Each structure stands twice: as C-alpha cells, then as structure tokens.
1. Can you list residues whose amide H is under 5 Å from ILE49's amide H, if they're 5+ apart or on another chain and H is modeled 1.01 Å from N?
2. Over the chain, with a Gaussian network built from C-alpha contacts below 10 Å, which listed residue (LEU117, LEU65, LEU101) shows the highest mean-square fluctuation?
3. With a 1.4 Å probe and all protein chains kept in place, how do SER145, SER244 rank by accessible area, largest first?
4. Determine the calculated [θ] at 222 nm for the chain from helices alone, applying -39500 (n - 2.57) to every DSSP H run no shorter than 4 residues and normalising by the residue count; nearest 500 deg cm²/dmol.
5. Spin-label point model (7 Å from Cα, Cβ direction): what's the LYS174 to HIS5 distance in nm?
6. Top to bottom by accessible area (1.4 Å), largest first, where do ASP31, ASP63 land?
7. List the GluC sites (Glu not before Pro) in the range 5-113 that DSSP assigns to loop (not H, G, I, E or B) and whose Cβ has at most 10 other Cβ atoms within 10 Å. Which are they?
8. Which trypsin sites (Lys or Arg not before Pro) in the range 1-51 pass both tests, a DSSP loop state and at most 14 other beta-carbon atoms within 10 Å?
Amino acid sequence: MELQHSVSLQPYNTLGLDVKAAYFIRINQLDDLYAAREFCQDKRCPWLIIGGGSNLVLTQDFDGLVMFMAMEQVCWPAEQPAGSISEVFLVTVQAGYEWDLLVEQSIIRGASGLENLSLIPGQVGAAPIQNIGAYGVEIKDCLESVQVFDFDSAQEFELFHADCEFGYRDSIFKRHQSWIVTQVKLHLKQESKPQISYGIIADTIESLTGESANHASPQKVRDAVMHIRRSKLPDPKQIPNVGSFFKNPIISIEQKQKLAQQWPGIVAYEVGANSYKLAAGWLIEQLGWKGFREGEVGVHEHQALVLVCSGSAKGREVLDLAKRIKVDVAAKFGVTLEIEPRLFDSRGEFYL
Ligand code: FAD
Ligand code: NAP
C-alpha cells in the first residue's frame, strides 16, 4: 500500500472542489483494502472510498483516509465462432473500470443493454450504488450480482440482484456505508429491441440517421444519447458539476392533480399505481433559477437540475445554493426536493 499524505482531491471530484485528504491511497487490488482497513483501525481515523468523484460534494478537508478505487480488470466471455455465442452473456468487471468505457466496449462486442446509459461519468463500482439510470434504463435491468468487501468486518460476499433493494436512484448500498463494491457482474444480450420510450431518443436517431428508430442498433442508440447529452449537459472538464443535483420527486396522484390545476404545464410521468414522478428541473426552471449565477456557483443555462461552479468554489457555497432552491420549490409547489449527490465533511457523510 503506497500511502500519501495531505493530497488535494481537486482532480478526484468533478466539482473540482479543492479540499485535502489527510491520507490517500489507490486501491489496486483487494489486499490494499485489507491494509487500508488496518491503517484506519490503528489511526482510528475515518475513511472514504471514491471513484470518478462525479456524484459527491466535499465540503471540508477530510481528516482520514481517502481511497481511490483503481481495480480495473474486466472479463468478457471467451470469443466464440459467430452464431454460437449465447443470447445472454455475463461480463465481470472490477469496480474501478470506467463506466462509459464498459458501455463502449460492450457495443463493440455486439452486446446490448447498456447503450441508453452512455456517457454517464464515473466508475462501474459506483453504478449500482444509486442504480444509475437514463432514458428509461437503469443498471438494475442488467445487473446479475455485486461483489462486496465490508470494511467493518473484513468479510467478502456476493449480493445478487434480488438482494440489492434497487429503487429510483437507490439501492441497499446507500444503507450500508461500510460496504465497498469491488466487482460487478452484468448480463448483456446479444440482440434486443432498442429502448426508445423516451421520445427524444427515437427523434434523435431518426434525425441523425434518416432511419426508423424501431430497429436501431445499440451503436445508433449510443450515438443518439451522446448527441443529446453533449448538447444539453455541461462537460465537467469544462464546467464543474455533478449532473442532476436533485432527484425527481415521486408524488401521489392527488398531489399531482392539485398541482396540475394550478400549473397546467407541469411535467409529470406515471410511475406506478397512483404515483407520479415530477420533473424537478421543470419546477426549478419555473422559479427562474435556470442560468442563475452568483459568485462561484450557479444553475446551468440548459438544464436547471444541474448546479455548476468554478474551480475556486467551495462545497458549502454549492450547498447553500441548493438549499435556497429547495426552500423556494417547497414554498411555491409544496414539494420537497431531495439532493442526489452524496455530501461529505471532515469526518464522513452528512445529509441535508
Ligand atoms: P463517486 O462520485 O466517486 O462516488 C459516489 C458515491 O459512491 C460516494 O458516496 C462514494 O463513496 C461511493 N462509492 C464510489 N465508489 C464506490 C465503491 N466502489 N464502493 C462503495 N461505494 C463507492 N447519474 C445517473 O444515474 N444518471 C445519469 O444520467 C447521470 N449523468 C451524469 C452526468 C454528469 C455530467 C455528471 C457529472 C454526473 C452524472 N450522473 C448520473 C451522476 C454520476 O455520474 C453517477 O452517480 C456515477 O455512478 C458516480 O460514479 P463515480 O465513480 O463518479 O462515484
Ligand atoms: P429530460 O429529457 O429533460 O426529462 C426531464 C425529466 O423527465 C427526466 O428527469 C426524466 O426522468 C423524465 N422523463 C422524460 N421523458 C420521460 C419518459 N418518457 N418517461 C419517464 N420519464 C421521463 O431529462 P435530462 O435532464 O435531459 O436527462 C435525460 C436522462 O438522463 C434522464 O433519464 C436523466 O435521469 C438522465 N440524467 C441523469 C443525471 C444525473 O446526474 N442523475 C444527469 C443528467 C442526465 P428520469 O430522470 O427519471 O429519467
């Protein structure tokens, strides 16, 4: 284990927040987790595991050990003669592998299932934690199992899909802070119908290719998703951000009907018997926050759900803006917004 002291985490989080970790290591293999655990026990210090840093807000220097997940092996099924590959196959990927590289590689190998999740930043290991989702697909749709290392007990175990308690941007991993994901197994399909329930995907495929979207290949879906995302979402390398800052709230049918009377244009989608998902970005936009800028922080000009900042912003400034938006939305719509990224201070996670 190669331990470093007083390391800036600025390159390790997509908000570019310049806080320091008292101790820092790269996790290159499982043994490093055992060594890191011993170190934290000896020092009696807190620890934090990070991947791409695209879903966290670091508000203070961290008084403990930050571990960067760098285990990145991937195991594809052995190559077989064309026509003999099974219809569904398993890919096993270590947690530190880049998510979008996995999506790209899966399509190159003729597999489908991940294309709607193109261009989501971050690592494979973080993907099950909030059950990443985009354009009608979530990782749960193709997740077979997750390999876990419990930092408290030093136990290793495998959790299968049914054990993961997947929900909307949610899973069991959010409720077990000592669990570190070390490996993920996904089942992909050789062929499948494109998932084009979000109208914008079909429209974009048709406008980019001039062909019907009904039989679009995974590559064409990926191209469309990348096209839409690049036109709408800020690239964290240019404009620091963590994607959507708030989850879309789920409300009852009664609440939705009440809101729709007052706000006929409200954007809501049915998500099960008697419940609706409200587009939080629409709510925020109605209140005039889109494009807002104050000091080092602001709201993206094309997507009101995305808070942005400059390289010298502080985590607290980003959270103060989020709080103001939350209060405003609650006052105007009576809807409580929940923050999506994970929040950390000097000792560990906290909640707003
Ligand atoms: P990090 O930010 O490093 O970590 C996030 C949390 O997971 C932290 O609490 C961390 O401690 C924990 N964690 C990280 N790795 C592990 C591990 N191996 N074991 C246990 N805990 C771990 N999300 C979506 O769902 N859909 C989207 O479409 C989407 N689009 C985005 C677009 C942009 C431009 C950005 C910046 C973000 C977007 N996100 C989206 C959010 C984010 O990319 C995902 O949540 C992603 O899975 C986070 O991965 P990460 O490796 O960066 O995690
Ligand atoms: P959008 O297309 O402007 O749509 C606004 C919201 O309406 C989305 O959040 C989406 O919910 C919902 N929606 C749209 N069409 C829908 C349909 N046919 N059925 C059900 N719900 C529908 O959203 P966007 O901001 O450009 O994002 C596009 C996709 O990428 C979304 O799926 C979004 O979740 C994902 N994304 C996520 C993040 C993140 O950080 N979490 C960042 C950027 C983009 P859902 O969010 O539930 O899909």
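The values are calculated or read from the model by the stated rules, or taken from the named source; none is laboratory data. This structure is a prediction, so every number in the text was calculated from the model and none was measured. Backbone-built Cβ (ideal geometry, glycine too); neighbour counts: all protein chains shown. In case anyone asks, the SASA skips ligands and DNA or RNA and just uses the protein heavy atoms, side chains included. Shrake-Rupley method; radii C 1.70, N 1.55, O 1.52, S 1.80 Å.
1. Amide H neighbours of ILE49: MET67.
2. LEU101
3. Working: SER145 5, SER244 40 Å².
Highest to lowest solvent-accessible surface, that is SER244, SER145.
4. Numbers: 7 runs with 86 residues, N = 352.
Helices in the chain give a 222 nm mean residue ellipticity of -7500 deg cm²/dmol.
5. Simple spin-label model gives 3.8 nm for this pair.
6. Values: ASP31 105, ASP63 75 Å².
Accessible-area ranking of ASP31, ASP63, largest first: ASP31, ASP63.
7. Values: sites: GLU38, GLU72, GLU79, GLU87, GLU98, GLU104; in loops: GLU72, GLU79, GLU87.
Passing both the DSSP loop test and the Cβ count: GLU79, GLU87.
8. Numbers: sites: LYS20, ARG26, ARG37, LYS43, ARG44; in loops: ARG44.
Taking the range 1-51 and a limit of 14 other Cβ atoms within 10 Å, the loop trypsin sites (Lys or Arg not before Pro) found are ARG44.
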